[in-house]
Amino acid sequence: MTTTALVTGANKGLGRETVRRLAARGWEVFLAARDEERGRTAVAELAGSGLAVRFVALDVTSDESVASAASQVKAAVGRLDVLVNNAGVGGEDGPPAEARVAGLRELFEVNVFGPIRVTNAFLPLLREAASPRIVMVSSGMGSFAVARDPRWFDLVPPGLGYPASKAALNMITVQYGRALDGIRINAVDPGFTATDLNDHRGYQTLAEGTDAIIRLAGADGPTGGFFDRKGPVPW
Ligand SMILES: NC(=O)c1ccc[n+]([C@@H]2O[C@H](COP(=O)([O-])OP(=O)(O)OC[C@H]3O[C@@H](n4cnc5c(N)ncnc54)[C@H](OP(=O)(O)O)[C@@H]3O)[C@@H](O)[C@H]2O)c1
């Protein structure tokens, strides 16, 4: 039976590359994007490389949009083997003392509440799969170990939004890992990868940035962990 997968925020960047790599394995992949035009353009580009993937509209901040995406996947294939919660935003930069709560709320709506909303909506379909797994696309910026390591102090200035959102996502992954019986769930740090999120300053290629996502999307492996492309990383 073909493996089915859905990737959120997949019209560009790491999400689109994840879709490309999973579809190249012969999997049946849903490319989920909040904007129909951007999503369908990405599907058409992949079709140009000979890969057939399906578009599904999915805004991770909207209950209605997420429910509708889950219904479409249910109607099309009846189950989901792999969910990749990839959609994310960088939010506003700046020192903690200047953080705007409204801005943080918007960021958390995508990076924290989004993956919860999507995961819970797709759990019934994941439970229909023989070996279901969920990949949470987190970041090393969400690691307490990294945030407290003086070697990073010059490179990464203190900020509340993005690091806190990914730290929250890490804890959410641990708690789902404890609670979900029979569904593997792991957090992934892609590493600093050239995408629109960082104005293409990242030093990794998209292939390198998706290595850990692809590995954790595989049928066998751990649950409740945090990994980069080289293996386990500290929380
Ligand atoms: N690049 C890195 O160095 C790096 C490092 C660590 C972790 N990450 C994580 O990797 C993931 C992918 O990031 P990326 O680097 O590929 O960034 P990207 O190129 O900016 O892609 C982000 C994707 O998320 C989508 N998105 C934003 N808000 C959304 C919403 N409300 N609903 C659905 N989709 C939404 C965007 O859609 P639109 O095009 O419509 O805005 C876009 O498709 C993120 O979770 C990010 O935090 C990236």
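The values are calculated or read from the model by the stated rules, or taken from the named source; none is laboratory data. Everything quoted here is computed from the prediction, not taken from an experiment. Methodologically, a virtual Cβ is constructed for each residue, glycine included, from the backbone with ideal geometry; neighbour enumeration extends over all protein chains shown.
Among the residues of region 1-23, those that are more than 7 Å from the ligand (Cβ to nearest atom), touching a Leu at 6+ places or on another chain (Cβ under 8 Å) and under 15 Å from residue 56 (Cβ atoms) comprise 4, 5, 6, 7, 16, 19, 23. Applying the condition of being more than 14 Å from the ligand (Cβ to nearest atom) and in contact with a Lys or Arg (Cβ under 8 Å, 6 or more places away or on another chain) to region 54-90 and asking which residue is farthest from residue 6 (Cα to Cα) yields 76. Restricting the search to strands (runs of 3 or more DSSP E) fully inside region 129-235 and requiring at least 1 residues that are away from the ligand (no atom under 13 Å from the Cβ) gives 133-137, 184-188. Count of region 202-224 residues, restricted to those that are loosely packed, with under 15 Cβ neighbours inside 10 Å and at positive phi, is 1.
Taken over region 35-53, residues that are near the ligand (Cβ under 10 Å from one of its atoms) and either within 27 Å of residue 218 (Cβ to Cβ) or hydroxyl-bearing (Ser, Thr, Tyr) (or both) amount to 2. A search for C-beta distances below 7 Å between a residue of region 186-212 that is within 19 Å of residue 22 (Cα to Cα) and any residue that is within 6 Å of the ligand (Cβ to nearest atom) and in a strand (DSSP E or B), counting only pairs 6+ apart in sequence or on different chains, returns 188/137; 190/137; 206/193; 208/193; 209/193.
For residue 26, state whether it is within 12 Å of the ligand (Cβ to nearest atom) and either surrounded by 24 or more Cβ atoms within 10 Å (Cβ to Cβ) or under 26 Å from residue 205 (Cβ atoms) (or both). In short, no. Within region 93-109, is there a residue that is within 21 Å of residue 209 (Cα to Cα), modelled with pLDDT of 95 or more and out of contact with any Cys (no Cβ under 7 Å at 6 or more places or on another chain)? No - not one qualifying residue is present in region 93-109. Taking first residues from region 142-161 that are farther than 17 Å from residue 90 by Cα and among the charged types (D, E, K, R) and partners that are surrounded by 12 or more Cβ atoms within 10 Å (Cβ to Cβ) and at pLDDT 95 or above, no Cβ contact under 8 Å between residues at least 6 apart in sequence or on separate chains turns up. Here is the figure for region 114-128: residues that are within 11 Å of the ligand (Cβ to nearest atom) and touching a helix residue (DSSP H, G or I) at 6+ places or on another chain (Cβ under 7 Å) total 3.
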